[in-house]
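A.B. asks: Below is a structure I'd like to ask you about.
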Amino acid sequence: MNIGIVCYPTFGGSGVVATELGLELSKRGHEVHFMTYRQPVRLELLNSKLHFHEVNVPEYPLFHYQPYELALSSKLVDMVKLHKIDVLHVHYAIPHAYAAYMAKKMLHEEGINVPIVTTLHGTDITLVGSHPHYKTAVTFSINKSDAVTSVSQSLKEDTLRLFNVETDIKVIPNFIDLEKYQSQFNDCQRAMLAENHERVITHVSNFRPVKRIEDVIKVFYNIQKEIPAKLMMVGEGPEKKVAELLCEQLGIGNKVKFLGKSNEIDKILCYSDLFLLPSETESFGLAALEAMASGVPVISSNTGGIPEVNIQGISGYLSAVGNIEEMVQNAIKILGDETKLQQFKSQAKHASIRFDIHTIVPFYEAVYNEALLKCISI
Ligand code: GMT
């Protein structure tokens, strides 16, 4: 099959999922075309079945906002025709589903029928999409998609609650390439970050307010009072400065390392003992799944789709959003006892197996086939 993938090329979860999906589809023999404004970060190797087509938005001083949707829909039309793309899979509804619908209509005028599969990732529904300024167009684009998937049952329910959606939404959870997390990088690097007797605690995110970065710091602050530990903060975003300041105020600046954006999350996770994800809202929590796949237990909030990933008392613990005290107690429960830590590490790894890429990707292939059949029969 010739599959066109539209996504955000950044470190955000939706871009990571879209890229990993495209890589796997190409391994399974499909021809995959990424169409976005920059080469996706995890798309290091392009091969004969993997292509990247850059969407360019020429700047013009008249425009206060450059019309990305327009450039994207034109690119989609051109690429579908040139590469005989069978299906367009757009990740993150805004503005991708909207641009794809316009492309579909333009192609239809030329007698070409291409189905649109839209995957909802979270903030496109819960934070941004439901804003009154976007809601009408987002509802329209979802309803006009030939197939809609969401990354968790919780996100499906949020979508049905917030939008007047007529299209069936199929839940296809996010996935992980477990093989990537098999290898061990325990060599020199752990020693560079922490002493042998210290526990390593990690947080990975885009440092947006929704991640409750201050809770991460406060939870760590209370843990390190009881157990020698270091905190690895991976990522960049608007809350980073506040977090750095808070660390200084609490006198733990020397125990917290801000590592910036990284393409080597698996290496960092490999020598981590605990992962913190106290988010305000989270449709799935891919970062938690990546931690679990590396054998790192997760202390998280119990919001959105996180309980579908992190299993209470097995792969870690979940608490109400903002319940720092309970998060600290649970973290100490795991970190304070070596036997318990090893038990949680192995349970976390085991709990990630159900999201193996080889199990999940066939569900997307089935959706593509259904959407194609639907389009042919129209
Ligand atoms: O985590 C983010 O803020 C990035 C965001 C995105 O859209 O890229 O992540 C969303 O999609 C991820 C992949 O499906 C999910 O794992 C995240 O839970 C979700 N983020 C939120 O719902 C806040």
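To keep it simple, each residue is scored yes or no on (1) among the aliphatic types (A, V, I, L, M); (2) more than 16 Å from the chain's Cα centre (by Cα).
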site	(1), (2)
GLY235	no, no
GLU248	no, yes
LYS261	no, no
ILE265	yes, no
SER272	no, yes
GLU280	no, no
LEU289	yes, no
SER301	no, yes
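A.B. asks: Please pick out the residue among THR159, THR118 that is assigned to a strand (DSSP E or B) and either touching a helix residue (DSSP H, G or I) at 6+ places or on another chain (Cβ under 7 Å) or more than 16 Å from the ligand (Cβ to nearest atom) (or both).
C.D. replies: Details: THR159 fails: assigned to a strand (DSSP E or B).
Going through THR159, THR118 in turn, the sole match is THR118.
A.B. asks: Please name all residue pairs, on different chains or six or more residues apart, with Cβ atoms under 8 Å, provided the first residue is in the range 193-207 and is touching a residue at least 12 places away in the same chain (Cβ under 8 Å) and open to solvent by 20 Å² or more (accessible area, probe 1.4 Å) and the second residue is more than 16 Å from the ligand (Cβ to nearest atom) and in a loop (DSSP other than H, G, I, E, B).
C.D. replies: Pairs found: LEU193/TYR271; GLU195/PRO228; HIS197/PRO228; GLU198/PRO228; ARG199/ILE227; ARG199/PRO228; ARG199/ASP273.
A.B. asks: Of all residues being aliphatic (A, V, I, L, M) and part of a helix (DSSP H, G or I) in the range 1-57, which is nearest to the ligand (Cβ to nearest atom)? Just the residue, please. Talk me through it step by step, then tell me what you get.
C.D. replies: Here is the first cut: in the range 1-57, the ones aliphatic (A, V, I, L, M) are 1, 3, 5-6, 16-18, 21, 23, 25, 32, 35, 41, 43, 45-46, 50, 55, 57.
Okay, now just the ones that are also part of a helix (DSSP H, G or I), so 16-18, 21, 23, 25.
On the way: VAL16: 7, VAL17: 5, ALA18: 9, LEU21: 11, LEU23: 16, LEU25: 17 Å.
Among those residues, the one meeting the criterion is VAL17.
A.B. asks: Something else: In the range 128-159, what residues are open to solvent by 90 Å² or more (accessible area, probe 1.4 Å) and within 21 Å of the chain's Cα centre (by Cα)?
C.D. replies: Hit for the range 128-159 is GLU157, nothing else.
A.B. asks: Taking the conditions exactly as written (open to solvent by 30 Å² or more (accessible area, probe 1.4 Å) and in a helix (DSSP H, G or I)), does GLU166 satisfy them or not? Break it down into steps so the answer makes sense when it comes.
C.D. replies: On the way: open to solvent by 30 Å² or more (accessible area, probe 1.4 Å): yes; in a helix (DSSP H, G or I): no.
So GLU166 does not fit the description; no.
A.B. asks: Here's another thing I want to ask about it. Quick one: count up the residues across the range 262-282 that are closer than 19 Å to VAL242 by Cβ and more than 13 Å from the ligand (Cβ to nearest atom).
C.D. replies: 1
A.B. asks: Residue check: is GLY336 loosely packed, with under 14 Cβ neighbours inside 10 Å and on the phi > 0 side of the Ramachandran plot?
C.D. replies: no
A.B. asks: Out of all the residues in the range 9-29, which are more than 20 Å from THR149 (Cα to Cα) and not hydrophobic (A, V, I, L, M, F, W, C)?
C.D. replies: Of the residues in the range 9-29, the ones more than 20 Å from THR149 (Cα to Cα) are 10-11, 26-29.
Selection gives THR10, SER26, LYS27, ARG28, GLY29.
A.B. asks: Which residues, counting only those in the range 300-313, are within 16 Å of the ligand (Cβ to nearest atom), in contact with a helix residue (DSSP H, G or I) (Cβ under 6 Å, 6 or more places away or on another chain) and of a type in the set (A, V, I, L, M, F, W, C)?
C.D. replies: Across the range 300-313, the qualifying residue is only VAL309.
A.B. asks: Counting just the residues of the range 201-216 that are in contact with a helix residue (DSSP H, G or I) (Cβ under 7 Å, 6 or more places away or on another chain) and closer than 18 Å to LYS261 by Cα, which one comes out farthest from the ligand (Cβ to nearest atom)? Spell out how you get there, then give the answer.
C.D. replies: Applying the first criterion (in contact with a helix residue (DSSP H, G or I) (Cβ under 7 Å, 6 or more places away or on another chain)) to the range 201-216 yields 201-205, 207, 213-215.
Add one more test, that the residue is closer than 18 Å to LYS261 by Cα, and what stays is 201-205, 207, 213.
Values: ILE201: 19, THR202: 16, HIS203: 12, VAL204: 10, SER205: 6, PHE207: 10, ILE213: 12 Å.
Residue satisfying both the conditions and the ranking: ILE201.
A.B. asks: While we're here: Taking GLN39 as meeting all but one of (1) modelled with pLDDT of 95 or more; (2) more than 23 Å from LEU289 (Cβ to Cβ); (3) within 24 Å of the chain's Cα centre (by Cα), write down the number of the exception.
C.D. replies: For GLN39, the failing item is (1).
A.B. asks: Can we say GLY305 is out of contact with any Lys or Arg (no Cβ under 7 Å at 6 or more places or on another chain), in contact (Cβ under 8 Å) with a residue 40 or more places away in the chain and open to solvent by less than 50 Å² (accessible area, probe 1.4 Å)?
C.D. replies: Numbers: out of contact with any Lys or Arg (no Cβ under 7 Å at 6 or more places or on another chain): yes; in contact (Cβ under 8 Å) with a residue 40 or more places away in the chain: yes; open to solvent by less than 50 Å² (accessible area, probe 1.4 Å): yes.
When the stated conditions are applied, GLY305 passes them.
A.B. asks: To continue, here is another question. Conditions first: (1) over 24 Å from LYS374 (Cα atoms); (2) under 22 Å from the mean Cα position of the chain (by Cα); (3) assigned to a helix (DSSP H, G or I). TYR98 passes all but one, so which condition is the exception?
C.D. replies: Tallying (1) over 24 Å from LYS374 (Cα atoms); (2) under 22 Å from the mean Cα position of the chain (by Cα); (3) assigned to a helix (DSSP H, G or I), TYR98 fails exactly one: (1).
A.B. asks: Please work out if LEU120 is surrounded by fewer than 14 Cβ atoms within 10 Å (Cβ to Cβ) and assigned by TED's automatic domain parsing to the domain that holds ASP168. So that I can check it myself, show each step before the final result.
C.D. replies: Details: surrounded by fewer than 14 Cβ atoms within 10 Å (Cβ to Cβ): no; assigned by TED's automatic domain parsing to the domain that holds ASP168: yes.
When the stated conditions are applied, LEU120 does not pass them.
A.B. asks: Could you tell me which numbered condition GLY285 fails, if it satisfies all but one of (1) surrounded by fewer than 24 Cβ atoms within 10 Å (Cβ to Cβ); (2) without any contact (Cβ under 8 Å) to a residue 40 or more places away in the chain; (3) within 12 Å of the ligand (Cβ to nearest atom)?
C.D. replies: Of the numbered conditions (1) surrounded by fewer than 24 Cβ atoms within 10 Å (Cβ to Cβ); (2) without any contact (Cβ under 8 Å) to a residue 40 or more places away in the chain; (3) within 12 Å of the ligand (Cβ to nearest atom), the odd one out for GLY285 is (1).
A.B. asks: Something else about it: Scan the range 82-91 and tell me whether some residue there is in contact (Cβ under 8 Å) with a residue 24 or more places away in the chain, within 15 Å of the ligand (Cβ to nearest atom) and surrounded by fewer than 24 Cβ atoms within 10 Å (Cβ to Cβ).
C.D. replies: There is no residue in the range 82-91 that is in contact (Cβ under 8 Å) with a residue 24 or more places away in the chain, within 15 Å of the ligand (Cβ to nearest atom) and surrounded by fewer than 24 Cβ atoms within 10 Å (Cβ to Cβ).
The values are calculated or read from the model by the stated rules, or taken from the named source; none is laboratory data. Just so you know, these numbers come straight off a predicted model, no measurement behind them. Note: ideal-geometry Cβ built from the backbone for every residue, glycine included; neighbour counts use all protein chains shown. Only protein heavy atoms, including side chains, enter the accessible area calculation; ligands, DNA and RNA are left aside. Shrake-Rupley method; radii C 1.70, N 1.55, O 1.52, S 1.80 Å.
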